[in-house]
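The structure appears below as structure tokens.
The values are calculated or read from the model by the stated rules, or taken from the named source; none is laboratory data. All values derive from a computational prediction rather than experimental measurement. So basically every Cβ, Gly included, is an ideal-geometry build from the backbone, and we count neighbours across all protein chains shown. Just the protein is used for accessible areas: all its heavy atoms, side chains included, with ligands, DNA and RNA removed. Shrake-Rupley method; radii C 1.70, N 1.55, O 1.52, S 1.80 Å.
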Amino acid sequence: MLQRIALIRFNRLSTLLAALAVAVMALALPSTPAFSDGRPGGNKHSGQFIFRFDTFGDEALWTDTLRLHEVIQSSVSPRTALLVGLKVDAAALPPNFLARSDLDDPATTVELIRRNAVVGLVGKVEDGRLTSVGTTCAICHSTVDNSVAPGIGERLDGWPNLDLNPGVIIALSPVLTASQKAVYNSWGAGRYDPRFNIDGINGPVVIPPAYGLRDVPFETFSGDGKISYWNNYVAVTQMGGHGSFSDPRLGIDIVQTPDLVVPKLPALLAYQLSLPVPPPPTGSVNQAAAQRGQALFNGPARCGTCHTPPTYTDVQNGPNADTPLLHEPAETGLDPVYAQRSATQKYRTTPLRALWQHPPYFHDGSAATLLDVVNHYDTHFALGLSPAEKFDLVEFLKSL
């Protein structure tokens, strides 16, 4: 099991590599104050710093076990990295850095890592050589606004990076077998399986947003635990952080001292809860149709029965604060396989926030558009919606 855990975590580091690839043109980038190790200034105990720069000691996995640093050093140019969807923080680079650099040279990637310019990737560089790498929460749950160039710009924390192709990146590891690489190559961009290294079943899910979590206590698709539960699970079992995580329901009992994860969970949670929901782009919603759609949503379409405003979920309506309200897969008409792999074997009602920003939809990405979502429930619940009503519902969903 530990070997598989190591392989999956490698996926995350590799994805970070890809971010280096933002490889583009001669644009002036602002410089910012930094620590002596190159990280942008900030309080290392703050939730923002933890989210962006804390690896929880996961270098033991990504460097010692998966040898990702070797792959980056020898074979990953910025241009190559860009193809797998990694992002670059413009604020971490000096003016005209990219214009003056060879974007087809892995040495440029190493320099980007040294400057902490790859979102979600932290590395140590000595005499021009990358000697270690680690991942952070931001690798999957941050992107950039593309204000400088595609893949390069200001950080957008909490936004899922749906351009990432973690499986393809993992498959670069020199320690993987051909059969393992085949599994990872099957995942696709924006998808990751946080249980494959636990149960050996291949079933990736869409990387979800980490914004808009306030008043949504159970964040995962299957409601296994509260937000800090999932942060702990991911940090230890997926990122390879040096900490402890136990859940008898899943047969997991990992104890490591010192624990570099649990003491940081409160600050990390506070930062996540502060991340706002991004509003829809100006002019992207037909407001008249959205008003009609809202009436349908809370009325004849019965969506509001489970997607209860203002959070648009009913997960918090369980018998007590520690027990979520969950639904059998058959209630929703969704694929039951992922639920069966979870601790609860059920699904949580997804909180609806900034739906315009993160297609595809459902845990498995089986709905490419919001119209596909509406059509699914129209069929499953025999609602009999007209094309005009479906249009109105979509416009309302886009407005959330």
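When K264 is tested against the conditions (1) assigned to a helix (DSSP H, G or I); (2) in contact with a Pro (Cβ under 9 Å, 6 or more places away or on another chain); (3) of a type outside the set (A, V, I, L, M, F, W, C), the lone failure is (2). Would you confirm whether any residue within region 62-72 is touching a His at 6+ places or on another chain (Cβ under 9 Å) and either part of a helix (DSSP H, G or I) or at pLDDT 95 or above (or both)? Yes, there is a match, as at least one residue in region 62-72 is touching a His at 6+ places or on another chain (Cβ under 9 Å) and either part of a helix (DSSP H, G or I) or at pLDDT 95 or above (or both). Of all residues in region 92-123, those satisfying the criterion of being without any contact (Cβ under 8 Å) to a residue 60 or more places away in the chain and under 25 Å from F49 (Cβ atoms) are V110, E111, G123. Only helices (runs of 4 or more DSSP H) whose full extent lies in region 80-173 are considered here, and the ones with at least 1 residues that are open to solvent by 10 Å² or more (accessible area, probe 1.4 Å) and within 30 Å of N202 (Cα to Cα) are 138-141, 166-170. Say whether the condition of being of a type in the set (V, I, T), out of contact with any His (no Cβ under 8 Å at 6 or more places or on another chain) and over 22 Å from Q272 (Cα atoms) is met by at least one residue in region 88-101. The answer is no; no qualifying residue exists.
Here L273 fits the description: under 25 Å from I50 (Cβ atoms) and at pLDDT 95 or above. Out of curiosity, is I198 in contact with a Cys (Cβ under 7 Å, 6 or more places away or on another chain) and β-branched (V, I, T)? No. Elements of the type helices (runs of 4 or more DSSP H) sitting completely within region 317-400 and holding at least 1 residues that are open to solvent by 70 Å² or more (accessible area, probe 1.4 Å), of a type in the set (S, T, Y) and over 25 Å from W187 (Cβ atoms): these cover 370-380. Of all residues in region 311-333, those that are touching a residue at least 40 places away in the same chain (Cβ under 8 Å) and closer than 14 Å to T220 by Cα have Cβ atoms under 6 Å from Cβ atoms of residues that are surrounded by 13 or more Cβ atoms within 10 Å (Cβ to Cβ) and β-branched (V, I, T), 6 or more apart or on another chain, in T313/T349; V315/T349; P324/V315; L326/T344. Within region 145-165, being more than 20 Å from Y211 (Cβ to Cβ) and in contact with a Ser or Thr (Cβ under 6 Å, 6 or more places away or on another chain) holds for no residue.
One line per residue, one yes/no per condition, for (1) out of contact with any Cys (no Cβ under 9 Å at 6 or more places or on another chain); (2) hydroxyl-bearing (S, T, Y); (3) part of a loop (DSSP other than H, G, I, E, B):
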site: L213; (1), (2), (3): yes, no, yes
site: V216; (1), (2), (3): yes, no, yes
site: N232; (1), (2), (3): yes, no, no
site: G240; (1), (2), (3): yes, no, yes
site: D253; (1), (2), (3): yes, no, no
site: L268; (1), (2), (3): no, no, no
site: P280; (1), (2), (3): yes, no, yes
